[in-house]
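Okay, structure first, notes after.
The values are calculated or read from the model by the stated rules, or taken from the named source; none is laboratory data. Note that the coordinates shown come from a computational prediction; the quantities given were computed from them, not determined experimentally. Backbone-built Cβ (ideal geometry, glycine too); neighbour counts: all protein chains shown.
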Amino acid sequence: MTTEILAPPTPTPTGRRGRGRARTNTLTRQSGLGLGLALTWFSLLVLIPLALIVIQAADGGWATFRDTLTDDQTFDALRLTVEQSLLVTVVNVVMGTLIAWVLVRDRFWGKRLLEVIIDIPFALPTIVAGLVLLSLYGPRSPIGIDVSNTERAVFLALLFVTLPFVVRTVQPVLLELDPEVEQAAASLGASQLTTVRRIILPALAPAITAGAALSFARGISEYGSLVLLSGNLPHTSEVASVRILTYIENGNEAAAASVAVLLLLVALAAILALQLVNRWVARRG
Amino acid sequence: MGIEIAGITKKFGDFVALEDIDLSIPSGQLTALLGPSGGGKSTLLRIIAGLESSDSGSVVIEGNDATRLPAQKRNVGFVFQHYAAFKHLSVRRNIAFGLEIRKRPKNEIKAKVDELLELVHLTQWADRLPSQLSGGQRQRMALARALAIEPTVLLLDEPFGALDAKVRKELRDWLRRLHDEVHVTTVFVTHDQEEALEVADSLVVINEGRIEQVGTPDDLYDKPASDFVLSFLGPVTTLGDKLIRPHDIDISRYEQAATAVGTITRWTRVGFEIRLEVTPEDVLHPEPVQVVVTRAEATALDLHEGDRVWLRPQVGADQVAGH
């Protein structure tokens, strides 16, 4: 920006538009081709299906949309999904950061093994995860904990599948963080708590936010891992994704699309909110 | 007063980084810890700052025993080779950090930071982020940040090591002038003998975990205590069986009482000086002797490659028994 101020005035009064034109001209043939290909791919896989969902939801008209969402069972399912996802995200932010910290900063026996195990929830087919959870926390639990058919089943399943997200986004940033920065803070008189709060957390904030967004998005969309343990009882343990499936099985595609659109909006709102938190933390330092 | 170090030993596993170091660093001076990489000088500096703990021994800073104090309580300003800037904070907030956590009043912090920005010539960069500054500017910011807490001692660990030669030279002069203004007891670590000789009031040469010699730049240059100090502080060559500086050799085309007689086998001109390599005829010491003369001397003595020359130490030159 400074260069713009210091630069001699451009001869043409339409300097701004001229710059804009110059910017579009910076696309070479290769990068133009790359951009085109990327956009086509993105449109085919994401934009067109999303648009279709919105159109489908609109197909039934405003009335269907409203009736679906004010339906008691659907509303409860949506509320349960969002509530449990939020809760799980909060836990992940704390625990994920802690696990990442331990993995990067501490040396202990079995660290390599833990590194591999962390990714298992990523790699495991979700229905297998569901089966594992059912046999451990279901009615025939060998450890005597039975959470089946309750909302805690949803919480547990989400916790299991979203564990790696924050760990894996924070870990590389933490690796990059120069320990000398913390030593500098210490020599300036900062206690360990102050250093964490004012130096380390602001540096990690973008990574934590990204991990939290992924974890929340996965939470509201989860199906396979919780469907066995939760029992899908209306008003108690039924989540939005199960509700969508039920609507489709009953041939009510417009209602299914309505729930889908709402989930889409919730996801967008969550990502936006986390971006704002991120900026606030960075500014506060 | 100043910094009193007694019996400091530090081992990393089997490696002895420092062995029974006793050292007294005077108040208000600029002291350089000089030595090759891995010799233990940075470890000693970090032990003074409390960033590293010693296995045994004590550190007393301005009369206060700091051996058991954590880094936070030592009131020591520390400057790192790679700046250790707080990347998410502006230059101003970086400098203010130490004062902010001491909960000083806002207007006092602002006044102090403004003064420091002026001192390190960064006033117009105050609202930039560290990533928007050059290396030299970042290091000046780090220095201001360390000075903000009005430290009892200022410690700098290879402060100019990551900078290019020209900026390094500028910052070196600037540090000298700054120290003349601020007068805080300053210790800096360097492996660059020229930097140490030019900037420091006194030098401590450290090698392989031991102190080789302590003294003023003149002392060390003129009266090196060991061949290590002699060879570390400047170029040396072997004449006869003694180590000597190449510019301390008297060279002549005419027969004279000499330590060695030989032929000029190489002639390199570097700016105003001429570097000669003389291969002696002595079978006991056949390795080439390096001799440095100025261009004017070379012309006056009428020296050319291939000439037969007589070499001897100049009167009053330092010599140390070689290997």
Original post:
Being outside any helix (DSSP H, G or I), under 30 Å from residue B:88 (Cβ atoms) and in contact with a His (Cβ under 8 Å, 6 or more places away or on another chain), is that true of even one residue in segment A:272-283?
Top reply: no
**OP:** Search segment A:133-162 for residues that are among the acidic types (Asp, Glu) and pair each with any residue that is surrounded by 16 or more Cβ atoms within 10 Å (Cβ to Cβ) and assigned to a helix (DSSP H, G or I) when their beta-carbon atoms are under 8 Å apart and the residues are at least 6 apart or on different chains.
**Re:** A:146/A:137; A:151/A:80; A:151/A:84; A:151/A:230
**OP:** Being at the interface with another protein chain (Cβ under 7 Å from one of its Cβ atoms), surrounded by fewer than 19 Cβ atoms within 10 Å (Cβ to Cβ) and within 13 Å of residue A:190 (Cα to Cα) is the filter here, so list the residues in segment B:73-91 that pass it.
**Re:** none
**OP:** Any chance you could count how many residues in segment A:56-75 are exposed (fewer than 11 other Cβ atoms within 10 Å of the Cβ) and free of Cβ contacts under 8 Å to residues at least 12 places away in the same chain?
**Re:** 3
**OP:** Could you check residue A:251 against (1) part of a helix (DSSP H, G or I); (2) closer than 26 Å to residue A:61 by Cβ and say which number it fails?
**Re:** (1)
Original post:
List pairs: first in segment B:107-123 and without any contact (Cβ under 8 Å) to a residue 12 or more places away in the chain, second surrounded by 12 or more Cβ atoms within 10 Å (Cβ to Cβ), Cβ under 7 Å, 6+ apart or cross-chain?
Top reply: B:123/B:117
Original post:
If you take the residues of segment A:156-187 that are touching a Pro at 6+ places or on another chain (Cβ under 8 Å) and within 25 Å of residue A:121 (Cα to Cα), which of them is farthest from the other protein chains (Cβ to nearest Cβ)?
Top reply: A:160
Subject >> Tabulated pairs, segment B:128-143, first without any contact (Cβ under 8 Å) to a residue 24 or more places away in the chain, second part of a loop (DSSP other than H, G, I, E, B), C-beta under 7 angstrom, 6+ apart or interchain >> reply: B:137/B:122
**OP:** Please tell me if residue A:210 is within 14 Å of another protein chain (Cβ to nearest Cβ) and either surrounded by 21 or more Cβ atoms within 10 Å (Cβ to Cβ) or under 24 Å from residue A:274 (Cβ atoms) (or both).
**Re:** no
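So, in segment A:138-173, how many residues would count as being in contact with a Ser or Thr (Cβ under 7 Å, 6 or more places away or on another chain), of a type outside the set (Asp, Glu) and modelled with pLDDT under 90?
4
Yes/no per residue for (1) over 24 Å from residue A:98 (Cβ atoms); (2) within 14 Å of another protein chain (Cβ to nearest Cβ); (3) in a helix (DSSP H, G or I):
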{"residue": "A:189", "(1), (2), (3)": "yes, yes, no"}
{"residue": "A:202", "(1), (2), (3)": "no, yes, yes"}
{"residue": "A:246", "(1), (2), (3)": "yes, no, yes"}
{"residue": "A:255", "(1), (2), (3)": "yes, no, yes"}
{"residue": "A:264", "(1), (2), (3)": "yes, no, yes"}
{"residue": "A:268", "(1), (2), (3)": "yes, no, yes"}
**OP:** Among the numbered conditions (1) assigned to a helix (DSSP H, G or I); (2) within 14 Å of chain A (Cβ to nearest Cβ), tell me where residue B:127 comes up short.
**Re:** (1)
**OP:** Would you point out the residue of segment A:254-277, among those that are of a type in the set (Val, Ile, Thr) and under 17 Å from residue A:76 (Cα atoms), that is nearest to the chain's Cα centre (by Cα)?
**Re:** A:266
Subject >> Meets criteria (under 22 Å from residue B:172 (Cα atoms), away from chain A (no Cβ under 14 Å), within 28 Å of the chain's Cα centre (by Cα) and of a type outside the set (Ser, Thr, Tyr)) for residue B:121 >> reply: yes
Original post:
Of all helices (runs of 4 or more DSSP H) completely enclosed by segment B:217-316, which ones contain at least 3 residues that are without any contact (Cβ under 8 Å) to a residue 12 or more places away in the chain?
Top reply: B:295-301
**OP:** Could you please find all residues in segment B:12-49 being surrounded by 14 or more Cβ atoms within 10 Å (Cβ to Cβ) and either farther than 29 Å from residue B:198 by Cβ or acidic (Asp, Glu) (or both)?
**Re:** B:16, B:19, B:20
Original post:
Here is a list of conditions, (1) buried (at least 20 other Cβ atoms within 10 Å of the Cβ); (2) touching a Phe, Trp or Tyr at 6+ places or on another chain (Cβ under 8 Å), and residue A:161 meets all of them except one; can you say which number that is?
Top reply: (2)
Subject >> Yes/no for residue A:231 being modelled with pLDDT under 90, more than 18 Å from the chain's Cα centre (by Cα), loosely packed, with under 15 Cβ neighbours inside 10 Å and away from chain B (no Cβ under 14 Å) >> reply: no
Original post:
Would a scan of segment A:97-118 turn up a residue that is surrounded by 20 or more Cβ atoms within 10 Å (Cβ to Cβ) and under 10 Å from residue A:226 (Cα atoms)?
Top reply: no
**OP:** Scan segment B:92-111 residue by residue and report those that are more than 13 Å from chain A (Cβ to nearest Cβ) and either outside any helix (DSSP H, G or I) or within 30 Å of the chain's Cα centre (by Cα) (or both).
**Re:** B:105
